[in-house]
Structure formats: C-alpha cells, structure tokens
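The values are calculated or read from the model by the stated rules, or taken from the named source; none is laboratory data. Everything quoted here is computed from the prediction, not taken from an experiment. Positions of Cβ are backbone-derived with ideal geometry, glycine not excepted, and every protein chain shown enters the neighbour counts.
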Amino acid sequence: MDSAMVNGYINGRSNGLIHEHAGSHKMAAINSNQYMINQRSDDHINYDSDSDRRPHREMAIDVPENFIGQKKERPSYPPTLTKNSSPRKNPDQHPDQHVAPAQDATADEMQRIRKYQEDLRKRREEEERHLKEEEFLRTSMRGSKKLQSLEEQAQQPGFVNPTYEEDTESRPHSTAYPKKLLAVEDLFASLQNLQKQLRSAEDQKDVAQISKLFSNTRFQQALRIHNKMVEVNLQRHKLSPVADNSQELCGDVMNSLNAAHGHPVAEELRAILQTPNLKMLMYTHDHVATNRARLSASAPNEDDDQEYLYERVSQYNADSIKIVRLHKTAEPLGATVRNNGESVIVGRIVKGGAAEKSGLLHEGDEMLEINGIDIRGKSVNDVCDIMANMTGTLTFLIVPAQDYIADTLSSEPEDKVLHLRALFDYDPEDDIYIPCRELGISFQKRDILHVISQEDANWWQAYREGEDDQALAGLIPSKSFQEQREAMRQTIVNDSKSNKGKKKPFCHACRGGNKKKKQLYGTANDDAEAEDILTYEEVALYYPQPNRKRPIVLIGPPGVGRQELRSRLMTSDQERYGVAVPHTSRPPREDEKDGIDYHFVSRPILEQDIANQKFVEFGEYEKNLYGTSLNAIRAVVQAGKICILNLHPQSLRILKNSDLKPYIVFIAAPNIDKLRTNRIKEKVKFTEVELKEIIEHSRELEENYGHYFDYIIVNFDLDKAYNELLQEINHLEVEPQWVPAQWVL
C-alpha cells in the first residue's frame, strides 16, 4: 500500500469527522430490500419528531454476501466453550496477509510534493487577491445609475457563431472507462422514466426509436461486449497475449493436416480453419496483440503513474490528501460509507476487514476518487455499485479526518476485549436507529458477546460466541444507548398502565386463604428488581475447582417437576449431592437433631439474620419462622458436595450477589397437550385451568427472571429431563463456564 500526503488548500468546507448521534437525529438504517435512499432526488427518510432531513444512512461496502442482512440462528446453549477469549480470527492467517506492504516516498517524490505545495500556495494567494479586487469593484459599481438603467433594459437575444464551434474531430476522446455494468432492464426502466417526462410528439417519436434500438438483438450483443470490457478494465490487470502470430500457426496446422489426408477428424478441422469467420478472428487477434505490445512498450513507468496521481491530487482544494492503495481479494474490505452533503465519508471501519488491518482508512475520511472515478456527489448506493465491480488493486484519494490526525499523536490503540452476556433479545431488523442494518447482529438473552471495539459511544462492534468463521465484527447497541432508550420505553409503558393497577407478585400465590405458610420476601429487593434496566453483564471464564462445587438451583412453576428432579438426584448419589439444612424458630421435636434436621434458633436471632440478608428465602408457618441461609449452603459446598436447591425466583438476587457462584437451571413447562399427557401418565388429578396457569406462570418466570438463568430444560418427559440435567451437572465439573466477572476477581 502506497500512501502520500499532498498539501493543498480548503475552499471553505470542513472535512472533519462527522459524529453520528443516533439518539438526537434518529439515524435510520433502512433495509435495502424495502427502501432506497436516493440522494439525487432528495428522497430522504423523515420521522415525526425529527425535522433534520440530512441522510444518516451508512452502507456497508464489500462485505461477505452471507453476512449482509442475515438473522443469525441462536446456537445451542450453552455453546462449546474454549479457553481462548480473543476475537474470532483464523489463527493460520496473518493479519496482513491480503494487504500489500507500504512503501516510503522517495526523495524525488517528496521534491515533487513540495513543488506542488508551493504552486498551490501561490495560486491560493493569487485567487485571494483577485477575490478582494472583484469584491471592491462590485461594491463600488453597485450604486452606479448607468448599471441600474441597463438592468431595466431587456436582454438582446444571442446568436450562434459557427466560427467558434469546436472541431469534433480534434476533440480528444475520453479515456475514462465506464463506471458500472449496464443491463437491458435498467435501460428500459430509464427510458420509461424519460417517456413520462417528455410530452411533445417529436420527443415521443425519439423515445420510440430508442426503445426499438434497445430491443435489437445486435444492440444487446454489443451491450454484453461493453459489460465484458468494463469488467476487464475494472480488474486493472495487464493482460498480455500468448502470441501475436495466430495466422501463421493456423497455416502450420494446415500443413500438418496434409499428412492425415482422408481422416474424418482432420478434414473437419481443416474445414473449420478455412472458414472466413475464423480467419478474421485470427487476423483480429494478431492485430490487437501487436497493438497491445506496442502500447505496452510505450506505456508510462511507475514514476509516470505517480506523476499522474500527483496531478490528480493537485486538482483538489484540500490541506492534505492521502493516496491509499489496497489489494482487494476474497477478504472483505470491511468499511461503511455515508453521505455528508456532496461528500462520501467513511462511516466506520469494521474490525476484521482489510481496511482495519491496513490501518490506512479511518472513520471520517472523505473519499474523493476510487481508481480514478470521481465519487463526490454520489450516493452511498452508487459507491457500493462501483466497488462491487472492482477487483485487484484499489487506489483511493482520501482527505484524512482532522480528528484522527489530532488523536494519533496522543492516543494508543485499545486492544482490550470485553466479554458480555446479553440480558435482552435484539434483532437489527426491528431497530430503526441502527446506522447500518446490514452489519447488525441479532442475539438472544443469555448469549455471550465479545466486544472488540467501543470507539462509537452508541454502537459497539462485537462477535457472538461460537461464530469463529465470521470474517467481520457486527454492530450491537452500546450499554448506555440501550439503557437510554429502554428507560424511555419503560416511561411510556408505565404512563399507559398507570390507571390499570399493579400486577400481583408471584409470591402472592403462596398467600391464599387456604395456605397457612406465608413467604416474606424483602420488598426492597423486589423494587430494585423492577427498576433495573437489563442490558449486558460483563463475564469472564471460570475454571472448575475440584473441591468447590457450584450449587445447582432449580427454578420453575409449581407442578412442573422440580421436586421430582431434586429427589432423583439426591437418591442417585448421596455422597455427591447434598441439601442445605434449614433454620427454624420453633422448638425441636423429640426425634429431631439440631444441625441435621433443622438449625434451631430463637425468633429474635432469626429475624435479625433475615434483616441482615443472611437468608436466601424465608417464610412463616403456624407462627414459626423457617428459612434457608447462605451459611447452610456454604456448609454443603465446603463438604465437597453439590448443593441442590429448589428456590423461589425472588431469592436469586441475594444468591447471585453472594460468593457461592450458583448455577441456575430453569425447568420450563411444555405445551399444554404434553403437560396433559404427563399428568394422565402420572395419574395426577388436574383441571384445564391448572394446566394453563402452570404454562402462564412458566412464561412469566422466563420473561421476568430469564436473565438469571444459566440453562433451560423443557420438561417434556421426566426421564429425559433428568438425564439432561445430569449431563449438564457433569459438564460443570470439567468445562469452563462464563460467569459474572466479579466472581473471578
């Protein structure tokens, strides 16, 4: 990659980095299959609360086809975990494998640059002097009465002087190659649009003639040849002929065929070589090959090519212009572009692409040319069309972002990878704020995300766990941005529900009139739970410790099968599994032993421990307190056993904030038909209302507490659910797991 800085001057415009504020300008990323932003026709997208009509659309250029606009399927959870937490890249591939090495400018090149700099400086001073003189003349002559009288007179019609007409034969032909491929369908579509605008009979007659031309078979063949030439020219590869004497070779073949006179194959080949079409083809080939060799001999060398680029640079009014060369291969470029007025700006550099690895393109850079094609004033869709047809070496003329030039002197690259667990579901197809929907990645609650770039305050770049083959990172909303819009959404929802009353908490189910046992969960925890805005949780890899087993917590609606699963585990291996001994304020019975059946303590002490949040759950039955303490769970863990707990969801916050590192498994209810079949198989009495309540309760638990769950088992069959739970417990003892980052500090 060659890069050169050429100084010029700015003609009253700013080329700095344009920051995108998705919250203030409502940056809409419109799906290319549904909407098309055409900047030339000013067909921009508006929102009711946004009067800013500037386009904020970013378009991804040169990204893999299997990446754009694709909704990822959720991998099986938990995914196969690896010890390597670095960004997903091919270890066998060097980061700079597809990027040409940079070359320093020679002394002659720097001398030419300084010469152009001096010339541009003098030109700028001369233009400023002329501007001042013209402004003075306009100011002094504006009040002239003679000029005012001339303005009132009608302008005389002009006439054409043929003497000054340009000689078309001496006019130099344009050497610029076509900018994009053309299709017959596009030509007919453009012609149809013109026909709607042209009203006169003469114009309609011309349109009919053009339509007839487009329908001609020979014209369509010529168009295909044109497209092939465009494709070859855009490749920018120097093609050299194998030989320029094909006619002579055909003559040699004809002489050789004399030895096989009478052979049918030889006679057929002789007839083919003697056809006029093939003879003209060989003649044309030799003629083109000879001309190509002559042109190659007189072609300018690399220094002349550099001279041409410097000449192109001198035509732009900018303080600094950078020449960047990238070699486009199968590796995606990994960049987005957006429009800022007539300018085409690099919107963002995507991690993992050739642009990011080269380090020569940066956010906020203004693109002037690509392979000699002027792209100023073009829409992002036009730029993508141009880039799609290019292969080989790409030469960019870039106006560097001023913010980047200033930051490079003081900032250092951030290589830290942030590992997160998603606490909400996200689909970029439903997000109107995402700046580039093609680069958005979807995820679901509990998915692991590896954030590799936080440069954008609103949109982070990340990979999802298990997607090692993904070449480019994707866009996800940042934590702060997601919190802001979720807070706004909750405010709107709360206002709309202010007159509908509050929904009863789940623990009210155990406070019915027929129940004597009353659960007492701290209301402060419930309020804090309701006020939390769930976005992401930072995680880290936790490696199993042989002498410190993680407690297994079973969560689920009543009647879903938690008790049966717990009983099976306890009876299968009592040396491996244990239960926490509960506390109570009632006096012990004759056959009960302290520390084995219960921990018997006085009511004041138990109430004090509850107030100090030493209990994960507690309740009252016949005026006696019962509860499960954190110390009781620790005792099982310290004994080297796996503590099996059946808890209410309100206890998960206290348990998660402890040092116990629980593994929470949600036992979900199956569909109503399967649930009914299981009840009949188990010979349990039930009603349809009870079945619907179990399913609804299961749905509400997952919706409100799903961010706590590490694993979900749908209890279609008790035996299969038990085997799945046992397999997951076995994995916990040998495989690393993603846990909250504060657990491994």
**Report entry** Qualifying position, being part of a loop (DSSP other than H, G, I, E, B) and outside the structural domain of Ala487 (by the TED database), among Leu534, Leu569
**Finding:** Leu534
Report summary line: Pairs returned, first residue in the stretch 684-711 that is more than 21 Å from Val539 (Cα to Cα), second residue that is assigned to a helix (DSSP H, G or I) and of a type in the set (Val, Ile, Thr), beta-carbon separation under 7 angstrom, 6 or more apart or interchain, are Leu691/Ile672; Lys692/Ile672; Ile695/Ile672
Query raised in the report: Among the numbered criteria (1) buried (at least 16 other Cβ atoms within 10 Å of the Cβ); (2) in contact with a strand residue (DSSP E or B) (Cβ under 7 Å, 6 or more places away or on another chain); (3) farther than 20 Å from Asp447 by Cα, which single criterion is violated by Arg634?
Result: (2)
Query raised in the report: Which one is surrounded by the fewest Cβ atoms within 10 Å (Cβ to Cβ) among residues in the stretch 564-613 that are over 56 Å from the mean Cα position of the chain (by Cα) and among the acidic types (Asp, Glu)?
Result: Glu590
Report summary line: Looking across the stretch 709-720 at residues that are of a type in the set (A, V, I, L, M) and outside any helix (DSSP H, G or I), the single one that is surrounded by the most Cβ atoms within 10 Å (Cβ to Cβ) is Ile713
Report task. Go through the residues of the stretch 547-559 one by one and say whether even a single one is within 28 Å of Gln444 (Cβ to Cβ), exposed (fewer than 14 other Cβ atoms within 10 Å of the Cβ) and assigned by the TED database to the domain that holds Glu728. Result -> yes
Requested in this report: Determine which single condition Leu420 fails, assuming it passes every other condition in (1) out of contact with any strand residue (DSSP E or B) (no Cβ under 6 Å at 6 or more places or on another chain); (2) crowded, with 22+ Cβ neighbours inside 10 Å.
Outcome: (1)
Report summary line: Of the residues in the stretch 622-631, those that are surrounded by 13 or more Cβ atoms within 10 Å (Cβ to Cβ) and at pLDDT below 90 number 0
Query raised in the report: Quick one: how many residues across the stretch 317-365 are assigned to a loop (DSSP other than H, G, I, E, B) and under 14 Å from Leu439 (Cα atoms)?
Result: 7
Query raised in the report: Any residue in the stretch 687-708 that is in a loop (DSSP other than H, G, I, E, B) and at pLDDT 90 or above?
Result: no
Query - Odd one out for Arg236 among (1) modelled with pLDDT under 80; (2) out of contact with any Ser or Thr (no Cβ under 7 Å at 6 or more places or on another chain); (3) not polar (S, T, N, Q) - result: (2)
Query raised in the report: In the stretch 186-204, is there at least one residue being modelled with pLDDT of 80 or more and in contact with a Leu (Cβ under 7 Å, 6 or more places away or on another chain)?
Result: yes
Query raised in the report: Within the stretch 445-467, is there a residue that is over 21 Å from Glu538 (Cα atoms) and in contact (Cβ under 8 Å) with a residue 24 or more places away in the chain?
Result: no
Query raised in the report: Does at least one position in the stretch 661-678 carry a residue that is modelled with pLDDT of 95 or more and among the hydroxyl-bearing types (Ser, Thr, Tyr)?
Result: yes
Report summary line: Apart from one, (1) part of a helix (DSSP H, G or I); (2) among the polar types (S, T, N, Q); (3) buried (at least 19 other Cβ atoms within 10 Å of the Cβ) all hold for Asn723; the odd one out is (3)
